[in-house]
Structure formats: structure tokens, C-alpha cells
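The values are calculated or read from the model by the stated rules, or taken from the named source; none is laboratory data. Source: prediction; values computed, not measured. Reconstructed Cβ throughout: ideal geometry from the backbone, glycine too, with neighbour counts over all protein chains shown. In case anyone asks, the SASA skips ligands and DNA or RNA and just uses the protein heavy atoms, side chains included. Shrake-Rupley method; radii C 1.70, N 1.55, O 1.52, S 1.80 Å.
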Amino acid sequence: MKPPLTSASPTELVRRLCRTWEAVQPVIARSLAAQGLGGRVQAGMGLVLFALFEQDGQPIRDIARRGHVSHVAVLRLARRMESRGLVACRDCPDDGRSTRVWLTPSGRALEGRLRAVSRRNHETLTRILGAKDAIRLNDLLGRLLDGLDAGIGNGPRPRSRQKAARRREG
């Protein structure tokens with residue numbers, strides 16, 4: 001058991017966040033492999049796939065906003081998924097500047113197995129933390145992401161986020 005986080009350990013919170021992501025990746029990989037998806041779907045692709053399971057043909061910016069990640073990160077991920085035949089990326093017919101992402105029949109066919117992976121991962125985390133603490137952690141991580149997205153973190157936002165924030169505010 002690790003020592004409790006105290007004000008005397010200013011680096012411990014960030015270290016634990018980073019270490020948690022490192023530890024979760026193999027858990028996700030094992031869950032994907034158990035569903036026969038190990039070589040086809042990677043950790044992180046669920047961000048795009050689950051968004052498209054809910055509403056196909058979303059703009060990359062909307063997927064990025066929902067996932068609290070950059071537009072570029074989603075674009076790169078979508079291109080990788082496109083090369084695997086899971087999605088198709090097309091210019092938006094309304095304004096040729098944005099890109100929309102669509103599930104292919106092959107990508108759509110993965111929904112049931114990916115939902116099983118999601119359930120398995122949720123059960124693993126809930127078993128470790130207990131239901132009450134799993135809900136609390138989810139709430140805390142949501143607050144942390146919202147605060148970081150709002151620019152509360154250290155230093156200025158990257159220029160692209162500054163421009164996006166000005167567009168939303170003005």
C-alpha cells in the first residue's frame with residue numbers, strides 16, 4: 001500500500017495519475033484480447049467508437065470535446081482506425097473545412113464486444129475501489145478534466161485552445 005497523499009508530497013498526485021494510466025492500459029489490452037479484439041482495437045480507440053455508436057457521422061471537434069482531448073489527437077486516432085477499416089473519415093458536406101467520422105459496417109459490428117470490454121473494465125475498477133469510491137473517483141476525475149479544459153492549470157493554454165475558447169466566449 002502506498003503512503004497517503006499529503007500536502008508534503010506535491011509530486012505524488014501527478015505521478016499517481018500518470019502511473020494509473022500506465023497500469024490501466026494493459027488491463028484494457030487484456031479485456032480487448034478476451035473479446036478477440038487484441039490486434040484490431042487499441043486502448044484509446046473507444047473514445048471514437050463509443051461516440052459513434054451513440055451518433056454516427058460526428059465531426060472530429062465534437063468527439064475531441066467530449067473526450068477532453070485535442071482535435072489533432074482524435075484526427076490521428078481516426079486515421080489509424082480508418083487504416084484498420086473501422087471508420088471512414090470524410091470532409092463535412094456543410095463546410096469543407098471539418099472532418100466527420102463514420103463507422104464502417106466492420107466498426108459497427110464491434111459494438112457488442114466493445115460494450116462487453118467496457119463492462120469488464122468497469123467491473124475490475126469497481127471491484128478494486130468499491131462502488132462508492134468508483135463513483136467518487138469518476139466525479140473527481142470529471143472535475144479535474146473540466147478544470148484543466150477551462151485553463152485553470154498552470155501556464156497559458158496552447159494557442160489552438162485559446163482560439164477555441166475565444167470563439168465559444170464571443
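For the stretch 26-61, filtered to residues that are of a type in the set (V, I, T) and part of a helix (DSSP H, G or I), the residue that is nearest to the chain's Cα centre (by Cα) is V48.
Taking into account only those residues within the stretch 95-139 that are touching a Cys at 6+ places or on another chain (Cβ under 9 Å) and open to solvent by 30 Å² or more (accessible area, probe 1.4 Å), which is modelled with the highest pLDDT? Here the residue is W102. When you check M81 against the structure, is it at pLDDT 90 or above, surrounded by 17 or more Cβ atoms within 10 Å (Cβ to Cβ), touching a strand residue (DSSP E or B) at 6+ places or on another chain (Cβ under 7 Å) and not polar (S, T, N, Q), yes or no? It is true that M81 is at pLDDT 90 or above, surrounded by 17 or more Cβ atoms within 10 Å (Cβ to Cβ), touching a strand residue (DSSP E or B) at 6+ places or on another chain (Cβ under 7 Å) and not polar (S, T, N, Q). Looking only at the stretch 5-26, filter to residues that are open to solvent by 100 Å² or more (accessible area, probe 1.4 Å) and modelled with pLDDT under 85; which one of those is nearest to V41 (Cα to Cα)? If we take residues in the stretch 5-26 being open to solvent by 100 Å² or more (accessible area, probe 1.4 Å) and modelled with pLDDT under 85, then P10 is nearest to V41 (Cα to Cα). Here is the figure for the stretch 30-75: residues that are β-branched (V, I, T) and open to solvent by 40 Å² or more (accessible area, probe 1.4 Å) total 2.
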